[in-house]
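Undergrad: One structure, pasted below without further comment.
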Amino acid sequence: MAAGILRCAACLRKSIGPSSRLALPLGRGRRGYVTLLGEPLFYDISDPSFYPSAKEVAKEQKAVNSLAKTAQARLGRIVKKHLAHMKDPWKIGKYVESALADSRFDEALLLTQTVSQDHPVVVSWNHLIAYQMKKKRFNQAIKLFNDMKKRGQLPSVATYSIIFNGCAESDHPKEALAEAFKHYQYLLNCTRLRANTIHLNCMLKLCSNAGDIESLFLVAESINDTHRFPDSLTYGTILNALRLDASKRVEGLTAEQVAVNQQKAVDRAKSIWVEVLQKWKNGRLVMTEQLVCCMGRILLLDKSNPRPDVLDLLQTTMNIPNLIKGTDSDPFKDAAMLNIAAKLEPKKTTHAIPGRNALGLVIAFLTSTKHTAVGIKYWNLMVRHYGVIPDRDNWYHMLGMIKVAHASAHAADMLELLPSDYICNKPFKIAMETCVRDSANPNVFRNANRILDLMLRGPTLPDLHTLRLYLRVALIAHSDFRDMAFNRGKLAFAKRDYGHQIFTAVERVWGPYKRLCFHWFKVATRRPEGTDDVYNSQREVIALARAKYGAMNKLIEESLVPHTEIQNLRRRGAKINREIKAFYLNRDDIEPNNMKRPGHRRQFKSPSKPAGPKQDSPGSVGDSGGDESATDFRRESLDDYGIKNDDIKDDAIEFYDNKDDDIFPRKGEWVWNTKEALPIPRNAHEPRAPRASPSPSPPSSSEESASVADSPKIPPRTAKSQKDNKQNH
């Protein structure tokens, strides 16, 4: 075979052509290979004609050196001109600072190096080192520090402060810790300079960022009562490092080991806090909000105490009353605490001044311990009476606490008070999730309408997830209707009101749905960038369409609306069905990995029922669709997440930003099927049937047939409805 290829010239050219092309040099000023007409097909890469000669290389290097010398000479003239009028080191330092502010580092460096021959200009060197540290150039800053010492400039205390602080702010704290620890040990043994509290705090911060607790306590051993006296920042850094180490060091550990590490951190923090309180009461330490909140947040890790003493801690250090235990006097009438957080220069006080950090700590504690009943009281006390101005996180965490409390009315009230700068999709989503959890409230749908009105007033697009949650609220908020049907015998009125609620939700979502369809399938597709985000948003639009179609299908199948509205619902349902089918027609080609996920159900196009005309985007089909039937997509509503209804369990309630679990059914959240038979109500004076013994004897055939014949036949779904009815009422 090889001999045949070597005999044929065409085969030989075909075989070695691509490899020879890879060896071609690129033409100057071009992106393609040098393959002009008239040039030979093959080139020898060892041919020196294709490479610049030594003279050309030397010429180019000479030109570069000439430009560098010219620039250096220009800087030298500028430096000499300035030095002719500046001899004071303070003025030189000011000039170096202004030059660095204009990013003229080379000029400032040359000036400092020139002056260092005759004058001590440590301040100028400090500015240069700080500039390099600010630019995250750690190695260059250390080189400047060594150059400074070689030129006879003795580093000052401020020089080491700049180095330690720059190491603490480094993006690679573990590498910076070794260098900083070496300089800190030298400073501890130096007789000319003394390490102070600033150096101590910077080193503690660096050890905390590096996650090295052993080195942190080695640095803490250098604390003394003279030069390195600990302040509130020192203790706060140590407490914060303990909390971060216990929270983040979980890789490869079991849950029991993590709990043991967290408990050790809490016990160690409590022993440190005893020393803090002793120094504070003796007047040797200033209590600050940051220090109190560091201790309060590490107390939240205490699993041994079901009710951590966070509120008692705030009462001791900030004079904030414990509203759970109750107070003898009204805290809103305390004149000494009125607008204490809003004053620029508050009066001398021995307690720490509460602020946003303390407000966030209170909200986190009340949410984790489920003491949400006093959450609004604490909010009003700290915001209205103390004058604390909440930030974005305070508002969102407060909405998260209200979500845990299942208080949909309070969530709507908070949205009305939310500042315009903090309005986005997130707070509306949290508030609507609160309505989902508050489905047993008869007024929950009214609160959901308030939240929807506030969201639609905004200038931005409505949130797709919030609209889906709004539809879910309309479906699962039926406790009042079931009470009307089961206990008062008004099934027709209950079905009418339940259908009117679902129909109202469907009608209100129709306008935002068309607006979102036009934006994500028409406007957003014109932009070439962000195709993945656009496709994900299109999937959310289709998910909203499926939820909307399921609600419309329920109204038609269970006859929950008048017959005059059924025709319009069928027309819209057919339109939505065509849009859904058009989107999922080529889904397997766009998402090939989707078929590999568990729970994925491939959708086949039925040959007997075509999917309709091919649509480029939803919303392009007219409203007229006739009486075209549509496939029910409600059974596949959870396929996109790979989760089945039987696998869903009631998880523990967590913070709002941990996971979006409210899109899935929770305990007590189900859609009422009005077609099922009503349970037979039991007479109030009728005694309950005795419970079966743990090990009953097998009944005879006659007894078994009699018991089955006498017992009412209640469907499983109706039995669940009766159980939920007793829980809700």
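The values are calculated or read from the model by the stated rules, or taken from the named source; none is laboratory data. All values derive from a computational prediction rather than experimental measurement. Quick reminder, even Gly has a Cβ in these numbers, built from the backbone with ideal geometry, and neighbours come from all protein chains shown.
Undergrad: Among the residues of the stretch 203-249, count how many are over 30 Å from Gly283 (Cβ atoms) and either more than 26 Å from the chain's Cα centre (by Cα) or not in a helix (DSSP H, G or I) (or both).
TA: 6
Undergrad: Here are the criteria: (1) more than 14 Å from Leu366 (Cβ to Cβ); (2) modelled with pLDDT under 90. Tell me which single one Arg307 does not satisfy.
TA: (1)
Undergrad: Taking the options Lys182, Lys150, name whichever one is more than 18 Å from Leu218 (Cβ to Cβ), modelled with pLDDT under 95 and either surrounded by 19 or more Cβ atoms within 10 Å (Cβ to Cβ) or more than 33 Å from the chain's Cα centre (by Cα) (or both).
TA: Every option except Lys150 fails the conditions.
Undergrad: Which members of the stretch 476-495 meet the condition of being within 15 Å of Lys675 (Cβ to Cβ) and within 37 Å of the chain's Cα centre (by Cα)?
TA: His478, the sole residue that qualifies.
Undergrad: Something else now. Anything in the stretch 501-528 that is more than 21 Å from Thr460 (Cα to Cα) and free of Cβ contacts under 8 Å to residues at least 12 places away in the same chain? List them, or say none.
TA: Pro528, the sole residue that qualifies.
Undergrad: Residues Gln117, Gln132: which one is out of contact with any helix residue (DSSP H, G or I) (no Cβ under 7 Å at 6 or more places or on another chain) and touching a residue at least 12 places away in the same chain (Cβ under 8 Å)?
TA: Exactly one of Gln117, Gln132 is out of contact with any helix residue (DSSP H, G or I) (no Cβ under 7 Å at 6 or more places or on another chain) and touching a residue at least 12 places away in the same chain (Cβ under 8 Å), namely Gln117.
Undergrad: Next question. At least 2 residues that are more than 29 Å from the chain's Cα centre (by Cα) in each: list the helices (runs of 4 or more DSSP H) lying fully within the stretch 276-379 that qualify.
TA: 310-318
Undergrad: Out of contact with any helix residue (DSSP H, G or I) (no Cβ under 9 Å at 6 or more places or on another chain), in a helix (DSSP H, G or I), among the acidic types (Asp, Glu) and farther than 23 Å from Trp672 by Cβ - does that describe any residue in the stretch 534-556?
TA: No - not one qualifying residue is present in the stretch 534-556.
Undergrad: Continuing with this model, one more query. Inspect all residues belonging to the stretch 127-147 and state whether any of them is within 25 Å of Ile78 (Cα to Cα) and among the β-branched types (Val, Ile, Thr).
TA: Yes, the stretch 127-147 contains at least one residue that is within 25 Å of Ile78 (Cα to Cα) and among the β-branched types (Val, Ile, Thr).
Undergrad: Can you tell me how many residues within the stretch 521-579 are within 27 Å of Asp497 (Cα to Cα) and of a type outside the set (D, E, K, R)?
TA: Final tally of qualifying residues: 25.
Undergrad: Here's another thing I want to ask about it. Can you tell me which of (1) buried (at least 17 other Cβ atoms within 10 Å of the Cβ); (2) among the aliphatic types (A, V, I, L, M); (3) outside any loop (DSSP other than H, G, I, E, B) is the one Ala440 doesn't meet?
TA: (3)
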